[in-house]
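A short worksheet on the structure shown next.
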Amino acid sequence: MQTQSRSAATLLLAFVLAVAYGADAQAATEYAQHLNALSKLSVAVAEAMPLEQYAFRPDPGSMTFGEVMTHIAATNYAFCAGLKDVDSPTLPSPADKDKDAIVKFLSGSFEYCSSIIPNLTDEQLSKPHNSPDGRLPGREVLLAMFVHVAHHRGQAEIYLRDKGIKPPSYRI
């Protein structure tokens, strides 16, 4: 009877570990898939604004369109560097009127995050990391980053509409 109990306990433990490790890989994959969709739509929004409108700001207290896109990119780098527990890469911030440089900076920020997020372990997803929003568990860092991008991309879409430009369609 004890042998059967030990065997059952061993099988249960093996099952729990397999599910846990499988869930870890699945969680990182799911975050990476959402990041890919977030990246494509964000870059499409940046590309939709004509070069001559990158200095547009709807209100004197608002960032320019170029500053909004640069802010998204710089913060992406900070969130993802935090997940690796390293400093954000030191990169020159493009001028807010340089569309090509800003789109490249934004794309690069998503590429940087794409090299990190799919490889996150459960430990990294669970433990606290520094982020622009303070010290948070990895899963919350990712959530904060995704919300941050969506928030500012939404602002940028309003800038496009203010200029009579239809924003790219939402995609997932």
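Points worth noting:
- The set of residues in segment 45-59 that are open to solvent by 20 Å² or more (accessible area, probe 1.4 Å), closer than 15 Å to Arg161 by Cβ and under 24 Å from the mean Cα position of the chain (by Cα) contains only Ala48.
- From the options Asp85, Asp59, residue that is among the charged types (D, E, K, R) and on the phi > 0 side of the Ramachandran plot: Asp85
- In segment 117-134, the condition of being within 17 Å of Gly66 (Cα to Cα) and among the basic types (Lys, Arg) is met by no residue.
- Scanning segment 32-67 for residues that are assigned to a helix (DSSP H, G or I) and in contact with a Lys or Arg (Cβ under 7 Å, 6 or more places away or on another chain) yields Ala37, Lys40, Leu41, Ser42, Val45, Leu51, Gln53, Gly66.
- Annotation: of all residues in segment 93-119 being open to solvent by less than 80 Å² (accessible area, probe 1.4 Å) and of a type in the set (Asp, Glu), the one that is modelled with the lowest pLDDT is Asp96.
- Residue satisfying condition, being free of Cβ contacts under 8 Å to residues at least 60 places away in the same chain, open to solvent by 50 Å² or more (accessible area, probe 1.4 Å) and either part of a helix (DSSP H, G or I) or among the polar types (S, T, N, Q) (or both), within set Thr70, Thr29, Thr90: Thr90
- Residue within segment 148-171 that is closer than 19 Å to Leu83 by Cβ, open to solvent by 40 Å² or more (accessible area, probe 1.4 Å), of a type in the set (S, T, N, Q) and outside any helix (DSSP H, G or I) present: no
- Tabulated pairs, segment 114-127, first on the phi < 0 side of the Ramachandran plot and in a helix (DSSP H, G or I), second of a type in the set (A, V, I, L, M) and surrounded by 12 or more Cβ atoms within 10 Å (Cβ to Cβ), C-beta under 6 angstrom, 6+ apart or interchain: Ile117/Ala32; Ile117/Leu35; Pro118/Ala28; Pro118/Ala32
The values are calculated or read from the model by the stated rules, or taken from the named source; none is laboratory data. Just so you know, these numbers come straight off a predicted model, no measurement behind them. Every residue, glycine as well, gets a Cβ built from its backbone with ideal geometry; the counts of neighbours run over all protein chains shown. These accessible areas exclude ligands, DNA and RNA; they are computed on the full protein's heavy atoms, side chains included. Shrake-Rupley method; radii C 1.70, N 1.55, O 1.52, S 1.80 Å.
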